[in-house]
Amino acid sequence: MPEEQEEYITIQAAAETIGVKRASLYYYINMLRIDTHQFLFDNHAYLKKEDVELIREAKSTPWKLGLVKQKRGRKKKAQGSN
């Protein structure tokens, strides 16, 4: 029984599909720990199409994936301390 082949898309095409610049796409790739792929005789980097959809979801609804940054604020002084 033949294995189902993965579908891949170039980094440039993925960035255009999602509507971000390549630098932003690499930010999402690093934050979500997604692997890029290269093939013999081809200098382009590729993403799995399912990973592109994950990035699109992370971009539009980051709270669904738990991608919430803690807001940094000033520390409050304890009452009565000088």
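Read the figures in this text as sums done on the coordinates, not as results from a lab. Here the structure is a predicted model, which is why all the values come from computation and not from measurement. Methodologically, a virtual Cβ is constructed for each residue, glycine included, from the backbone with ideal geometry; neighbour enumeration extends over all protein chains shown.
Before moving on, here are some points about what is shown:
- Going from the fewest other Cβ atoms within 10 Å to the most, the residues Leu47, Leu25, Leu32 appear in the order Leu32, Leu25, Leu47.
- Sorted by Cβ neighbour density within 10 Å, fewest at the top, the residues Lys21, Lys48: Lys21, Lys48
- Taking 0.36 nm per residue of separation and subtracting the current Cα-Cα distance, fully stretching the chain between Lys21 and Lys71 would add 15.4 nm.
- Sorted largest first, extent of region 8-60 alpha carbons per principal axis (Å): 35, 19, 18
- Region 8-60: relative contact order as a whole-number percent, Cα under 8 Å and 6+ apart: 45 percent
- For Asp35, neighbours were defined as the other residues whose beta-carbon sits under 10 Å from its Cβ, and their charges (Lys and Arg +1, Asp and Glu -1) total +1.
- A full extension of the chain between Lys59 and Gln38 corresponds to an added length of 5.1 nm, given 0.36 nm per residue minus the alpha carbon distance.
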